[in-house]
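The next block holds one structure in the form of C-alpha cells; read it before the comments.
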Amino acid sequence: MSLSEKLGPSRAKELAAFLLKVEFPAPTRRIMEPLLEMLVGGQSFDLSQNYLIREPAALLLLIELIPSLSEELQLDLWSTLGAMLHQCLHNISSCHNIGMTEKCLDYLAKTKNPKIANHIGSVLELLSGYSLSVKHLKSILSYLYNGQSDTTWAPHSVLLISLLNNVTINRTPDAFFSFSGGHGSVFALPPVSKWPTQTGFTVSMWIRSEQTYDSQRDYYKPILYWFRSGRGSGYSAHFVGSTLVLETVGKQIKKPQTHPVDHVFHSFQWYMVTVVYTAHRLRSSEVQCYVDGVLSLTAEVTLPLQEEIYDKCFLGGNHVATPDSVFQGQMAALYIWRVPLSRDSIASLYKLGSNYRSQFKFEAEVDMPLTMKEQKLLFDGSLSNSLIISYNAKAVDGQLCLEASPTEGHSSVFAHSPHATMLEGVEPVLTTSIHSALHSLGGIQVSPLHLSGDLLSVIFDFLRYLSKSPYSEELIQPLVVQLLFNASLWIRASKKVRVYC
C-alpha cells in the first residue's frame, strides 16, 4: 500500500500535529527536505531532474504544516511548489486532485505578506488554468465580493482578477491522454490487419511534450507513434532533441528511411502534428508533415508492402517501452484517414482546435466561425467517410479506450476488437475550462418568478445605455434577438409580463 493510500486528509492533520510537537516551537528547514523527498517517491528531490510528484499524500502533509512555518520557509515552499507545477502537467493534476485550489484560496485570504501572496497566486493560476470547476469559480467570486462592504475590495483582489483574465486565454484541451514517461507507459492499439497503403493515409494528433532534453543522452529518443509488424516493417515517428524524425521500414527497403521535420518543438507547448503518406504509381511516393497546419516537410519515400498484420501499434512508445523510448507529455484526439488529406483540409483541421474530437458529420458541433470553403472541406462527408481510426480521452471505460470513428470500416481494418488499451502510466484527463464553468455558474432553472417586470425594466435600461455606445448596433442586436425576442423564454412568464412585452 502506497503512502497516498494510507494517508488521507484527516491523518495528514494528525501527523502534522505530531510533527509540530516534535519540531516545537516551529518546524525548521530540516523537516522540509524529507517531506519533499517523500513527495517524489522517497528519492532525492531535484527541481531539474527529480521533480515528478509520485506521492500526493505528502503534499497534504506539507499543506497542513504551512501555517506553522516562518514567513521565510513559507515563501521558499510556495516558490518550490510553483516551480514543480511549471515543470509538468502531471504535477498540476496531482495537486488539483487533492483539493489544492481550495487550500490556496484559504491561505491567500490569511496571508498579509505580498511576496507570499504572489507565489500563492502563481500556483493558483496554474491550477485554475488546468481546470476550474463551478465550485472553485464560485469560491473566487465570493472572495472578491467580500460581503463586508460595498466600497472595499478584499485583500489581493487585483491578483485574483488578473488570474481570471489570464485563465480565459488558456488553450489547453479539456480532454487528453497524459503519458507519465515511465517504463511501459504506452497507448496500445489493437492489431491492424489491413493498413491503408493503396493511395496513402493521414495521421493527425495534438501533442504537448514535457521532455527535458539532455545533450549527453544521445540514446534518448521518445517515440510519438509506432505502427509496425512483428518483423519491424511499417511507420513510426520519434523525437531527437527538439526535432521530430519520421521513419519508414520495409522488407523491400534496404535501410530505414528517416526524414527530420524542419520545425523546433518546444516543451510545454501544444502542436497539431499531421503526417501525410501519399502513394504514387508512376513516380516516387512521398511523405509530408504539417505542424499547426503549415507544411514543414516534403520528401520522397518508399512505402513498405504490407505482407503481414501490423500487430505492434502504439502511441507514446513501442512494444519495448523503456524509459529512453517512451513519450512524456500529453496527446489529444488521434485521427487516421485512409486517404492523404490536402493542404487546405489540414489547415481547416487546425482551425477546429485541440478540443474537437467528433466524426466530422455535423457543422453544429463547432462553435466557431468557419468560411464556406472550410465548412465544405470539413463537413461535406469526405473526412467522415474516410476516417478509419479515432481515439479520444472522453471515450474510455477503465483502461479501455473505445474506438470512435464511423463503425462501417472496422471489419476491414482491425484484426479483432477495435478498442485500444491504456497501459500503466497512461491516463485520460478531463478538465473544466473557465468558459464551461461560467455557463454553469448560475445553477438556477427558468421560473416565472424570475421573468418579472423588474427584469424587463433592467433590460430596457441596459439597452438605452448600449444605444449611446459607438458599437451600439453590434452590442444591441444579440441582446434583442437572443433575450428580448426569445419566445421560448418569455412564454414561461406570467400573462401580465407577456402583455408588457
Could you say whether any residue in the stretch 141-152 is hydroxyl-bearing (S, T, Y) and at pLDDT 85 or above? no
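Residues checked against (1) in contact with a His (Cβ under 7 Å, 6 or more places away or on another chain); (2) on the phi > 0 side of the Ramachandran plot:
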| site | (1), (2) |
| --- | --- |
| W226 | no, no |
| A237 | no, no |
| G241 | no, yes |
| V245 | yes, no |
| V249 | no, no |
| Q252 | no, no |
| Q257 | no, no |
| S285 | no, no |
Helices (runs of 4 or more DSSP H) contained entirely in the stretch 48-164, each with at least 1 residues that are buried (at least 18 other Cβ atoms within 10 Å of the Cβ), over 25 Å from the mean Cα position of the chain (by Cα) and of a type in the set (A, V, I, L, M): 56-65, 71-87, 100-110, 114-130
How many of the residues in the stretch 13-41 are at pLDDT 75 or above and not charged (D, E, K, R)? 8
Which condition number in (1) free of Cβ contacts under 8 Å to residues at least 12 places away in the same chain; (2) in a loop (DSSP other than H, G, I, E, B) is the one that E307 fails? (1)
Y310 passes all but one of the listed conditions (1) crowded, with 19+ Cβ neighbours inside 10 Å; (2) more than 29 Å from K255 (Cβ to Cβ); (3) over 17 Å from the mean Cα position of the chain (by Cα); the exception is number (2)
Filtered residues of the stretch 114-137 (kept if touching a residue at least 60 places away in the same chain (Cβ under 8 Å) and not hydroxyl-bearing (S, T, Y)): L132, V134, H136, L137
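Taking T212, is it part of a strand (DSSP E or B) and either polar (S, T, N, Q) or modelled with pLDDT of 95 or more (or both)?
Details: part of a strand (DSSP E or B): no; either polar (S, T, N, Q) or modelled with pLDDT of 95 or more (or both): yes.
The answer is no for T212.
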Restricting the first residue to the stretch 476-501 and requiring it to be free of Cβ contacts under 8 Å to residues at least 40 places away in the same chain, which pairs with a second residue that is outside any helix (DSSP H, G or I) meet a Cβ separation below 7 Å and a spacing of at least six or different chains? W490/L451; W490/C501
Identify the single condition in (1) at pLDDT 85 or above; (2) within 30 Å of I53 (Cα to Cα); (3) not small (G, A, S); (4) not in a loop (DSSP other than H, G, I, E, B) that Y465 does not satisfy, given that it satisfies every other one. (2)
Got a sec? Which strands (runs of 3 or more DSSP E) wholly within the stretch 236-279 have at least 2 residues that are surrounded by 16 or more Cβ atoms within 10 Å (Cβ to Cβ) and acidic (D, E)? none
Within the set of pairs 6+ apart or on separate chains, which have a first residue in the stretch 354-380 that is closer than 17 Å to A393 by Cα, a second that is modelled with pLDDT of 90 or more and not acidic (D, E), and C-beta atoms under 6 Å apart? S354/W206; S354/W270; S354/A332; R357/A333; R357/N392; Q359/S384
Can you tell me which condition V326 does not meet? The list is (1) surrounded by 22 or more Cβ atoms within 10 Å (Cβ to Cβ); (2) out of contact with any Gly (no Cβ under 8 Å at 6 or more places or on another chain), and all the others hold. (2)
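The values are calculated or read from the model by the stated rules, or taken from the named source; none is laboratory data. Quick caveat, the model's predicted, so the values are computed rather than measured. Virtual Cβ from ideal backbone geometry, glycine too; neighbours counted across all protein chains shown.
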